[in-house]
Amino acid sequence: MSALKSFPPALQTLATPALVYDEARLQANAARIQSLGKRYGFTPLLAMKASYAGLGVLSEVSGLMPEVGSIGELRLAQKLFLDVPAHGFFVAIVEEEWEEIAQGVGHLSFNSLSQAAQFGSRAAEAGIAAAIRVNPLVQVSSHSDYDAGAKGCRFGVPLAELPQTLPDCIVGLHAHVLCENGAADLAPVVEALLKEGGHWLSQVQYLNLGGGHLMTAEDYEDECLGQVIADLKQAYPHLELFLEPGAAWFWESGQLVVTVRDIVRPSGIATAIIDCSFRSHLNDFLIGSLLADLPLTITGASYVSPADYAQLPDEARARTYRIGGLSCATCDSKEYYQFAQPLQVGDRLVMENMGHYVDVTYSWFNGLPPPSVYRLTETTAILEREHTYQEFLQTTLPMQGR
């Protein structure tokens, strides 16, 4: 059984594991996000952290503006988006980084008043439009680990703790509390900003509503977004608006292709061992994260809950599998997935919607190489990144031993 029948022949023979990005879907995602920006009057920012592997395609889309969170991302943005000043949010900046940051960003959000005091005047002198990140204390995330609107979150200054008059160097506010949310979840955030933050909105030139806007999901509420932005513009027509989606740029653009290496049946539980690892390469799907509690989407398979698995008849259980990773971690598995026919060693499986927060979170745990990255065009699959043994050495050995 292979789930690759609808894919080009070139893809069916790739060495696995392979993370494959659909060029057309990435381009369509970008077009949709840019279209929403033009329709409703905001500038979309590309939050690079969601996927570095998919940036090869997106860097070819005109008009994109990168958002960065580290010196490494800033350098990558300068390489991929030539002559485009980045938007930056750095959790904490040190003196040794300042000159490089100042030369590479056009907008910069400070996470604290102390950082603004240290670098704000220099940002203004460099022509940087600086903002302060605020926490409106509105909780809309479905997972506590990603709840940037929680009381005590290290991100941003609660509105009540802002000075009545913002420093002269601050010309923007930045509020990011969403995480793969719809427009309806943005509404209470903006409502809180209008109700409690108007005193400061009148003092600044722009508002960055952060990331987490899942604009390319099929059920995203366009009209709701339009109304939320209209309410903002009616109250503060002078504000320039920025939104910085992350996962949305890469949504449903990536497929992870793996091969079944072995099938074991400890205590009668059929387990397909794949040539990839949740612990090493897909950690967001495994432990304490937004995705850990969600089932995988595997082409040709349906998810079966543990409670339902216990009630399966023998015929159905024979083609229902726990998917086991290749590392030595006991937790390296996801359960359960039912296929139309029993799996065989050598079968290929396709995990869908793996284009975001996969390649950026992998490790070399157990010395297992991460998936190679391919760009899928209309006619072929082009290798764009391969993780070699030399890379493994670079991450493990002392410098003199490399």
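Take the chain, connect every pair of alpha-carbon atoms lying under 10 Å apart with a spring to form a Gaussian network, then pick out the residue of CYS328, CYS276, CYS169 with the largest mean-square fluctuation.
It is CYS328.
Length gain on complete extension for the stretch ARG39 to ALA24, per 0.36 nm per residue less the alpha carbon to alpha carbon distance?
Full extension of this stretch gives 3.2 nm more.
Please figure out what share of the DSSP beta bridges in the chain is antiparallel and state it in percent, rounded to the nearest 5.
Of the beta bridges lying entirely in the chain, close to 40 percent run antiparallel.
How large is the accessible surface per residue of the chain, computed with a 1.4 Å probe and reported in Å² as a whole number?
The answer is 44 Å² per residue.
Tilt of helix 183-196 relative to the longest C-alpha principal axis of the chain, in degrees (0 to 90, nearest 10)?
The helix 183-196 is inclined about 30 degrees to the chain.
Set the bar at 30 Å for Cα to Cα. Now go through LYS79/LYS195; LYS38/LYS151; LYS151/LYS195; LYS79/LYS151; LYS38/LYS79; LYS49/LYS151 and name every pair that lies beyond it.
LYS79/LYS195; LYS38/LYS151; LYS79/LYS151
Find how much the distance from THR395 to LEU383 grows on full extension, using 0.36 nm per residue of separation minus their present alpha carbon separation; answer in nm with one decimal.
2.1 nm
Taking the chain as the reference, fit the longest principal axis to its C-alpha atoms, fit the long axis of helix 95-104 to the helix C-alpha atoms, and give the angle between the two in degrees, 0 to 90, nearest 10.
Orientation of helix 95-104: about 90 degrees from the principal axis.
Please work out which option in [x] 5, 21, 28, 24, 15, 7, 1, 0; [y] 5, 22, 29, 20, 10, 5, 3, 3, 2, 1, 0; [z] 5, 20, 24, 20, 14, 9, 5, 2, 1, 0, 0 gives P(r) over Cα pairs in 10 Å bins from 0, in percent calculated from these coordinates, and answer with its label.
[x]
Could you work out the relative contact order of the chain? I mean the mean sequence separation of Cα pairs under 8 Å and 6+ apart, divided by the number of residues, in percent.
The value is 20 percent.
Which angle from 0 to 90°, rounded to the nearest 10, does the C-alpha axis of helix 113-125 make with the longest principal axis of the chain?
Taking the Cα atoms of the chain, the angle to 113-125 is about 70 degrees.
Gain in length, GLU240 to ASP308, computed as 0.36 nm per residue apart minus the alpha-carbon separation, to one decimal in nm?
Gain in length upon complete extension: 19.4 nm.
The values are calculated or read from the model by the stated rules, or taken from the named source; none is laboratory data. Just so it is clear, the structure is predicted and the values come from calculations on it, not from any experiment. We work out accessible area using only protein heavy atoms, side chains counted, and drop any ligands, DNA or RNA first. Shrake-Rupley method; radii C 1.70, N 1.55, O 1.52, S 1.80 Å.
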